[in-house]
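Read the structure below first, then the notes.
Here, each number is a calculation from the coordinates, and none is a lab measurement. Everything numeric in this text was worked out from a predicted model, so none of it was measured.
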């Protein structure tokens, strides 16, 4: 690599090292760096374009991870847990208190109470926050 390419590439690496993005703050800054690169895309050398490609992938991975978690609702989580554990609504009557309460929850007419959340989290060994709507 010519010396000039190394210096340009290193400038970006110093600004935002290529590593997994672990926070919203890091993601926002990575987005700013991507925007800067895109604004000057026609003038980037190959190393800078490679850097942009990798950084864009890291941003996409971070955002996809959080999008997927936000799309998971307590109801969809519980349905999934029932499926993988081969359970029916009847099996969860102890956690819901009655079959009518379970039916109301699964039909979307009722949310989980704190007592139900605690019982479900204990049964499935999950944090209560998994059953609290985002």
What relative contact order, as a whole-number percentage, does the stretch 1-65 give when Cα pairs under 8 Å and 6 or more residues apart are counted? 45
Report relative contact order for the chain in percent, whole number only (criteria: Cα-Cα under 8 Å, sequence separation at least 6). 20
Candidate values (1) -0.36; (2) -0.49; (3) -0.59, label of the one derived for log10 I(q)/I(0) by the Debye sum over Cα atoms at q = 0.11 Å⁻¹: (3)
The stretch 3-71: mean projected area of Cα convex hull, nm²: 4.6
